[in-house]
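**Student:** Below is a structure I'd like to ask you about.
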Amino acid sequence: MQDHNNNFYVVITGANSGLGLGIGCRLIDEFLETRPHSKRLILIITTRDRKKGDATIAQLQRHLDKACRRLEKTTPGSSSATQHKHRVTFRPEILDLTSLISVQQLSKRIRETTPKLDAIICNAGIGGWEDLYWGRAVWTILTDWRNAVTWPTFKKSGFGWRTKRQIPASEKGDKVEEPPLGEVFCANMFGHYLLGHYAAPLLARRSDNENRGRIIWVSSLEAYTHTFDMADMQGLESHTPYESTKRQTDLMAITSALPSSTQMVDQYLCTSDDSTPTTTNKKPRIYLSHPGIVGTSIFPLNFLLDFCMLIAFYGARILGSPWHPITAYKGAVAMVWLALAKQSTLDAMEEREGVGKWGSATDWFGNERVERTEVEGWGWGGRLGERVRKGRSPHAKELTKEDREEFEETGRKCWIEMERLRVEWEGRLEEAGVGVSMD
């Protein structure tokens, strides 16, 4: 009988391209290099359709083949390439984060077919941008190149984007009234929020010597305070819906570890399912990450503009920016580190420096590393008088007690509102007869 404690189960959303694919490739490499040969990686990758899923598996399989051949050549006493290949298993799943029913269907499948989960990397999302404010883009890049392409303010977003109806019409064509859901909000935040809730029992199933299950939320450097409005959390009236969701991600991920939000977080991470005789329930942890600035297709550009964008990114790195990994593989370093790091390492770092946001950074030569990142209203770890670090936003200011209290209170309110929204939509779907029961 297979020992599931020797398997490491990871879900990566939006794994078919860009950062998601980079996370998958890097996770394969670091798992094979750092984990004992008795351990196996079960990589559950989600895409929006089967065709993309099959193409992603093919890409990951080619990467695995290369990684195994490299290990066989470079690691003394290493297993054969064939033996290494058997340590990684791919499993494609279909997920549309803008459809709450799709999220429930995937969650149900995972709960029925997977004995546990070790990490969920919430990567998928949309930008919602339609164009650039060209005058502002040209001016800011010419006058402040490095900061302009690190903390950009010239992307033009769509306005009022809404998801398709969540409740299908009846056979007679009758439609149930339902409130709107912001499309960018649902793709970047709410869909992942529901997935984490439904998967929490699997994340909580731990043997005594295992790390806690982890939900890794992927944020951005563009999580600006001014873009988030508590009264318009879904961004339906916002001209910056992407940035708003990333600010909310920062607020909720950090406050998930604070006493003020404990009640709502415990409700969200409900772990009431029964443990097996060889496991215990351990409350999962939510960690906050960002990839730095990576050249992906999240912003639609033609070939020429895409090339110019990459030149601008490399120029910013040369000018001293630590936040330009540029390639998806390098941008994945923070997420993969959070997925694989020992629990004692993460706990010790938080004990020493506080709860924080972990970002992918590089030096001038492109050597990647993981760095703490300053968060507006929280600093690097929520502590007054912190030392100033490299890579600080030009608009950053010293953390005050009042700022920290406001950050914590806004995060607490976000947790309350998101739990209200979750329960409300679950009830609405159930009443319409289209909800998926997790029992």
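**Student:** Could you compute the net charge surrounding TYR268? Neighbours are other residues with a C-beta less than 10 Å from the C-beta of TYR268; K and R count +1, D and E count -1.
**Tutor:** -1
**Student:** Follow-up question, since we're still on this one. Where the accessible area of region 145-195 is counted over protein heavy atoms with a 1.4 Å probe, how much of it, in %, is carbon and sulfur? It would help to have the intermediate numbers written out before the result.
**Tutor:** Numbers: 1260 of 2520 Å².
Reported share for carbon and sulfur atoms: 50 percent.
**Student:** Over region 1-115, with every protein chain in place, what whole percent of the accessible area is carbon and sulfur at 1.4 Å, could you tell me? Walk me through the intermediate numbers first.
**Tutor:** Numbers: 2620 of 5190 Å².
Reported share for carbon and sulfur atoms: 50 percent.
**Student:** For the ranges 428-434, 223-229, what's the packing order if you count other beta-carbon atoms within 10 Å of each residue, average per peptide, and put the highest first?
**Tutor:** 223-229, 428-434
**Student:** By its C-alpha gyration tensor, with a ≥ b ≥ c as the square roots of the eigenvalues, how is region 85-156 shaped: rounded for a/c under 1.5, else prolate for a/b larger than b/c, else oblate?
**Tutor:** prolate
**Student:** Related question: Where does the charge balance sit around LEU236 when Lys and Arg score +1, Asp and Glu -1, over other residues with C-beta under 11 Å from its C-beta? List each step's numbers first, then the result.
**Tutor:** Values: positive: ARG162; negative: GLU183, ASP229, ASP232, GLU237.
With Lys, Arg at +1 and Asp, Glu at -1, the net is -3.
**Student:** Which number do you get for Rg(Cα) / (2.2 N^0.38 Å) in the chain?
**Tutor:** Its radius of gyration relative to the 2.2 N^0.38 Å reference: 0.97.
**Student:** Can you list residues from other chains, or at least 5 along the same chain, whose modelled amide H is less than 5 Å from the amide H of ALA15?
**Tutor:** THR46
**Student:** Quick one: compute the contact order of the chain, relative version, from alpha carbon pairs under 8 angstrom and 6+ residues apart, as a percent. Working shown, then result.
**Tutor:** Working: 790 pairs, mean separation 72.6, N = 439.
Dividing the mean separation by the residue count of the chain yields 17 percent.
**Student:** Here is a further query. Can you tell me which aspartates and glutamates have their Cα less than 16 Å from the Cα of LYS175? Leave out same-chain residues fewer than eight positions away.
**Tutor:** Output for LYS175: GLU430, GLU431.
**Student:** Moving to a separate point now. For the chain, build the charge dipole from Cβ charges (+1 Lys, Arg; -1 Asp, Glu) around the Cα centre, then report which of ALA253, GLY379, SER38 sits farthest towards its positive end.
**Tutor:** Toward the positive end, the furthest listed residue is SER38.
**Student:** A follow-up question, please. Before rounding to the nearest 500, sum -39500 (n - 2.57) across all DSSP H runs of length at least 4 in the chain and divide by the residue total; then give [θ] at 222 nm in deg cm²/dmol.
**Tutor:** Result for the chain: -13000 deg cm²/dmol, rounded to the nearest 500.
**Student:** Taking only Cα atoms and a 10 Å spring cutoff, compute GNM fluctuations for the chain and point out the largest among PRO291, PRO179, PRO115.
**Tutor:** Highest fluctuation among the options: PRO179.
**Student:** Rounded, prolate or oblate: which one fits region 272-400, using the alpha carbon gyration tensor with axes a ≥ b ≥ c (rounded when a/c is under 1.5, else prolate when a/b beats b/c, else oblate)?
**Tutor:** oblate
**Student:** If you count only protein heavy atoms with a 1.4 Å probe, what accessible area per residue comes out for region 95-432, rounded to a whole Å²?
**Tutor:** Counting only protein heavy atoms, the per-residue value for region 95-432 is 44 Å².
**Student:** Let me ask you something else. Could you let me know the centre-to-centre spacing of region 292-358 and region 1-69, using Cα atoms, in angstrom?
**Tutor:** With region 292-358 and region 1-69 each reduced to a Cα centre, they are spaced 20 Å.
**Student:** Right, another one. For region 162-291, what does the alpha-carbon gyration tensor say about shape, rounded, prolate or oblate, given a ≥ b ≥ c as the root eigenvalues, a/c under 1.5 as rounded, and a/b over b/c as prolate?
**Tutor:** oblate
**Student:** With +1 on the Cβ of every Lys and Arg and -1 on the Cβ of every Asp and Glu, and nothing else charged, how large is the dipole of region 95-432 about its Cα centre, in debye rounded to the nearest 20?
**Tutor:** In debye, rounded to 20, region 95-432 gives about 900.
**Student:** Only Cα pairs within less than 10 Å get springs; with that Gaussian network setup on the chain, which residue of LYS116, LYS73, LYS156 has the largest fluctuation?
**Tutor:** LYS73
**Student:** For region 1-130, with only Lys/Arg (+1) and Asp/Glu (-1) charged at the beta-carbon, what is the dipole magnitude about the Cα centre, in debye rounded to 20?
**Tutor:** In debye, rounded to 20, region 1-130 gives about 320.
The values are calculated or read from the model by the stated rules, or taken from the named source; none is laboratory data. These numbers come from a predicted model, not from an experiment. Neighbour counts are summed over all protein chains in view; Cβ atoms, including those assigned to glycine, are modelled from backbone coordinates with ideal geometry. Calculation scope for accessible area: heavy atoms of the full protein, side chains included, ligands and nucleic acids excluded. Shrake-Rupley method; radii C 1.70, N 1.55, O 1.52, S 1.80 Å.
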